[in-house]
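Read through the structure below, which is laid out as structure tokens, and then see the notes.
Coordinate-derived values only; no laboratory data. Note that the coordinates shown come from a computational prediction; the quantities given were computed from them, not determined experimentally. Positions of Cβ are backbone-derived with ideal geometry, glycine not excepted, and every protein chain shown enters the neighbour counts.
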Amino acid sequence: VTGGVAQLKNLTVPASGGTTNTGFNTNATGWTYADWGQGGGEVNIVGSYVSSGGNPGGYIRINAPMGSGDELGGYYQQAVTTTANNPTATLNFDWLVSAYAASPITFKLLVFVDSATGAPTIGQEVWSSGEITATQGWTTATTVDLASKMASVGTYYVKVAVWVETPGTNTGPFTIG
């Protein structure tokens, strides 16, 4: 109470926000692409921005061309900062499989949240498409819980990744947007 007037102070100010450039309408600014586990002699997996055909505008795409005996992936990442301990954090996104040829050993879309930049670790994902077995149009993944990986104040990295393993015969291409 000051000067006969009482004021209440909110001690837990909620905050909300999101990743930058969520619509990919003109480019992929804010998102960084990197190869994952690509070794010598393997195909060149590529991340790129596509300006139209997304849901609704542009989108990011990861393409693994035809290959044999490959175990590799690619991922886009973006830093996200939280100013609260144990925040509520969810991710909503649309995805499609625009190329699927023959039978890979494994082909998945994965989402990770890590406290460090760089390649993710399979088994630590917060969401998985499960084994992909065919092309598919735009599909929505809603309310993917990220909070378990964001327990304290700090910067985290949301990573949207593709992992593919091909048998010893030419298999592919495999493309996810």
| query | When the scattering of the stretch 115-166 is computed by the Debye formula from its Cα atoms alone, each counted once and equally, what is log10 I(q)/I(0) at q = 0.22, 0.27 Å⁻¹? | reply | -1.05, -1.36
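Mind ranking 156-167, 61-72 by how tightly packed they are, going by the mean number of other C-beta atoms within 10 angstrom, highest first?
Numbers: 156-167: 22.6, 61-72: 19.8.
Per-residue Cβ counts within 10 Å, averaged per peptide and sorted highest first, yield 156-167, 61-72.
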| field | GNM flexibility winner over the chain from Phe107, Phe93, Phe24 (Cα, springs under 10 Å) | value | Phe93
| field | Gained length - Asn21 relative to Thr155, 0.36 nm times residue gap less alpha-carbon distance | value | 46.5 nm
| query | In the stretch 26-177, what is the volume of the convex hull around the alpha carbon atoms, normalised per residue and reported in Å³? | reply | 105 Å³
